[in-house]
Amino acid sequence: MDKVQRELEDLQKSQTSVLKKLSQIAAHNITLSVDVLNEKLPDLEEKIDASLTITTELSEAFGAYRDKFFAENKLAGVVDPTA
């Protein structure tokens with residue numbers, strides 16, 4: 001379970017990095033004014049941002065599930081075998 005949580009957190013970081021790169025491209029395009037970038041970048045940013053929101057919600061929900069599972073099964077001190 002810990003491994004899944006780490007993978008979800010890594011996915012969040014990756015999506016955040018993609019958003020940063022898109023922002024950099026958009027900033028460069030201010031001087032370039034390339035129409036295709038002006039048209040497509042906002043849509044792409046919106047989709048990546050929505051995906052990041054879903055991933056964050058999923059990570060939080062899974063974390064809560066994991067904590068509850070470990071508490072209910074008295075596994076708080078046990079090392080997760082998938083870690």
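The values are calculated or read from the model by the stated rules, or taken from the named source; none is laboratory data. Quantities reported herein were computed from a predicted structural model and do not represent experimental measurements. As a convention, Cβ positions derive from the backbone with ideal geometry for all residues, glycine included, and neighbour counts pool all protein chains shown.
Would you be able to tell me the number of residues in region 7-42 that are among the polar types (S, T, N, Q), out of contact with any Leu (no Cβ under 6 Å at 6 or more places or on another chain) and under 30 Å from Leu58 (Cα atoms)?
Keep residues of region 7-42 that are among the polar types (S, T, N, Q), which gives 12, 14-17, 23-24, 29, 31, 33, 38.
Retained after the next criterion (residues that are out of contact with any Leu (no Cβ under 6 Å at 6 or more places or on another chain)): 12, 14, 16-17, 23-24, 31, 33, 38.
Subset that is under 30 Å from Leu58 (Cα atoms): 12, 14, 16-17, 23-24.
The qualifying residues number 6.
Which of the numbered conditions does Glu39 fail, given that it passes all the others? Conditions: (1) surrounded by fewer than 13 Cβ atoms within 10 Å (Cβ to Cβ); (2) under 24 Å from Asp10 (Cα atoms); (3) not aromatic (Phe, Trp, Tyr).
Single failed check for Glu39: (2).
Residue pairs, Cβ under 7 Å, 6 or more apart or interchain, first in region 15-39 and in contact (Cβ under 8 Å) with a residue 40 or more places away in the chain, second part of a helix (DSSP H, G or I). List them.
Gln15/Ile48; Gln15/Ser51; Gln15/Leu52; Gln15/Thr55
Consider Ile48 carefully, then state whether it is exposed (fewer than 14 other Cβ atoms within 10 Å of the Cβ), in a helix (DSSP H, G or I) and either among the aliphatic types (A, V, I, L, M) or modelled with pLDDT of 95 or more (or both).
Details: exposed (fewer than 14 other Cβ atoms within 10 Å of the Cβ): no; in a helix (DSSP H, G or I): yes; either among the aliphatic types (A, V, I, L, M) or modelled with pLDDT of 95 or more (or both): yes.
Against the criterion (exposed (fewer than 14 other Cβ atoms within 10 Å of the Cβ), in a helix (DSSP H, G or I) and either among the aliphatic types (A, V, I, L, M) or modelled with pLDDT of 95 or more (or both)), Ile48 does not qualify.
Filter region 1-45 for residues that are of a type in the set (Gly, Ala, Ser) and in a helix (DSSP H, G or I); which is farthest from Phe69 (Cα to Cα)? Write out each step before concluding.
Step one: of region 1-45, the residues of a type in the set (Gly, Ala, Ser) are 14, 17, 23, 26-27, 33.
Adding the requirement that they be in a helix (DSSP H, G or I) leaves 14, 17, 23, 26-27.
On the way: Ser14: 28, Ser17: 32, Ser23: 39, Ala26: 44, Ala27: 45 Å.
This residue is Ala27.
Please state which one of Lys13, Lys40 is modelled with pLDDT of 95 or more, within 11 Å of the chain's Cα centre (by Cα) and not hydroxyl-bearing (Ser, Thr, Tyr). Show your work before the answer.
Values: Lys40 fails: within 11 Å of the chain's Cα centre (by Cα).
Criteria check complete, one pass: Lys13.
Restricted to region 16-36, and to residues that are of a type in the set (Val, Ile, Thr) and surrounded by 10 or more Cβ atoms within 10 Å (Cβ to Cβ), which residue is farthest from the chain's Cα centre (by Cα)? Working first, answer last.
From region 16-36, those of a type in the set (Val, Ile, Thr) are 16, 18, 25, 30-31, 34, 36; that's our starting set.
From what's left, surrounded by 10 or more Cβ atoms within 10 Å (Cβ to Cβ): 16, 18, 25, 34.
Numbers: Thr16: 6, Val18: 10, Ile25: 20, Val34: 29 Å.
Of everything passing the filter in region 16-36, Val34 is farthest from the chain's Cα centre (by Cα).
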